[in-house]
Amino acid sequence: MSVDVRRATDDDVEEWNEYVRRSPQGTMCHELEALRVQADHADATLHPLIGFKGQEPVGVFPVFEIRKRFVTTVFSPPPHLRVPYLGPALLECASPKRRKRERRRQRFMDGCFEWIDEHVNPSYGHVRTTTGFDDVRPFTWRGYDANPEYTYAVDLTRSKDDLLMTFSSDARSNVRNTDDDAYTVEVGDTEEIRLIYDQVRRRYESQGISFGVPLEFVTDLAERTENGHVRPYTLRVDGEFVGGILALEYGPRTGRWMGGVRTDADVDVPTNDLLDWAIMEDGIDSGLERYDLVGADTRRINRYKAKFNPGLETYYSLEYGSWGMRTAASVYDSVK
């Protein structure tokens with residue numbers, strides 16, 4: 001039986017989010033409300049593709065159509081918003097036979113490609129998968145180039161003491177030996193989101209790097225997401241904001257999104273170590289499984305992230321189009 005791929009409708013909201021929840025590749029940014037927020041701020045047309053084998057859901061694949069002059073492109077996730085991952089999210093196939101599982105996946109992806117070609121006909125495409133999407137052959141067979149990228153993820157399925165013992169000596173010392181009275185870490189709301197956002201934007205601009213993510217995108221995502229959470233962790237000394245990290249929490253995972261940049265405050269407190277540890281502690285308390293440090297491709301930054309003894313995980317950037325179109329689309333933002 002073939003897989004029927006169509007564009008999801010407003011009547012599919014509850015079902016779509018349930019499929020995302022069930023998928024190993026599902027993230028907060030896959031939820032339909034979050035997709036609509038991304039489309040609004042990317043000036044894009046959202047095409048939430050959904051596939052069925054008979055009445056059985058096979059997967060979802062949100063794509064964003066962006067037209068600039070005479071050029072039509074598709075993205076997942078859309079550019080400029082620094083959404084870490086998106087791409088297809090598949091429903092598990094119960095069959096133990098590889099051939100059947102691969103045929104099901106291939107038919108779903110072929111149906112998505114055919115829908116995109118028929119209804120959008122893009123000159124360029126760019127997809128960034130989640131770490132759970134480990135077979136990109138359907139894309140390469142369709143003419144996409146696949147480039148592996150990497151992130152670090154900390155295993156939270158152990159006690160806090162056991163996790164802390166895996167850290168580097170300086171990270172353990174920073175967590176254990178910093179006086180609890182010297183700082184406070186809290187999870188805030190919209191005001192704390194703004195503080196973290198402003199700090200990140202200033203840090204990028206000080207390095208001559210454009211930071212084009214609208215503040216309204218971040219706040220809209222926090223307010224409108226149905227099941228995920230944008231959690232702004234802030235560290236204060238004597239009541240003054242020193243630094244923060246925006247964490248995205250969904251299902252069994254939490255992860256850095258924005259923040260954790262070098263602070264300009266003159267304080268003798270290991271700000272980012274304490275923020276990362278607070279997120280990990282909360283994750284363990286909540287029964288989460290992974291803390292994604294989001295990115296392991298920048299050598300300078302990796303030295304900091306590696307001291308938490310994370311595992312290395314792979315995801316993929318997938319690109320389609322002529323050399324000229326790829327050059328024109330080189331403004332596509334990296335998350336790192």
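For E186, work out the one condition from (1) at pLDDT 95 or above; (2) part of a helix (DSSP H, G or I) it doesn't fulfil.
Exception for E186: condition (2).
Please verify whether V136 is open to solvent by 10 Å² or more (accessible area, probe 1.4 Å), more than 16 Å from the chain's Cα centre (by Cα) and among the aliphatic types (A, V, I, L, M), treating the condition exactly as stated. Walk me through it before giving the result.
On the way: open to solvent by 10 Å² or more (accessible area, probe 1.4 Å): yes; more than 16 Å from the chain's Cα centre (by Cα): yes; among the aliphatic types (A, V, I, L, M): yes.
Judged against the criteria, V136 is a match.
If you go through segment 307-336 one residue at a time, how many are modelled with pLDDT of 95 or more and small (G, A, S)?
Of the residues in segment 307-336, 2 are modelled with pLDDT of 95 or more and small (G, A, S).
So, in segment 196-225, of the ones that are touching a Ser or Thr at 6+ places or on another chain (Cβ under 9 Å) and either open to solvent by less than 40 Å² (accessible area, probe 1.4 Å) or touching a residue at least 60 places away in the same chain (Cβ under 8 Å) (or both), which residue ends up nearest to A34 (Cα to Cα)?
Out of the qualifying residues, it is A222.
If you check I209 against the conditions, is it closer than 29 Å to Y315 by Cβ, in a helix (DSSP H, G or I) and not small (G, A, S)? Step through it out loud before you land on a result.
Working: closer than 29 Å to Y315 by Cβ: yes; in a helix (DSSP H, G or I): no; not small (G, A, S): yes.
Spelling it out, it is not the case that I209 is closer than 29 Å to Y315 by Cβ, in a helix (DSSP H, G or I) and not small (G, A, S).
Could you tell me which residue of segment 39-76 is most open to solvent (accessible area, probe 1.4 Å), considering only residues that are under 21 Å from R21 (Cα atoms) and polar (S, T, N, Q)?
Q55
Looking at (1) touching a residue at least 40 places away in the same chain (Cβ under 8 Å); (2) assigned to a strand (DSSP E or B), find the lone condition where I279 falls short.
With respect to (1) touching a residue at least 40 places away in the same chain (Cβ under 8 Å); (2) assigned to a strand (DSSP E or B), I279 is out only on (2).
Would segment 151-163 turn up any residue that is surrounded by fewer than 19 Cβ atoms within 10 Å (Cβ to Cβ) and either in contact with a strand residue (DSSP E or B) (Cβ under 7 Å, 6 or more places away or on another chain) or closer than 27 Å to A42 by Cα (or both)?
Applying the first criterion (surrounded by fewer than 19 Cβ atoms within 10 Å (Cβ to Cβ)) to segment 151-163 yields 155, 157-162.
Add one more test, that the residue is either in contact with a strand residue (DSSP E or B) (Cβ under 7 Å, 6 or more places away or on another chain) or closer than 27 Å to A42 by Cα (or both), and what stays is 155.
Yes - at least one qualifying residue is present in segment 151-163.
The values are calculated or read from the model by the stated rules, or taken from the named source; none is laboratory data. These numbers were taken from a predicted model, which means no experiment stands behind them. Methodologically, a virtual Cβ is constructed for each residue, glycine included, from the backbone with ideal geometry; neighbour enumeration extends over all protein chains shown. Only protein heavy atoms, including side chains, enter the accessible area calculation; ligands, DNA and RNA are left aside. Shrake-Rupley method; radii C 1.70, N 1.55, O 1.52, S 1.80 Å.
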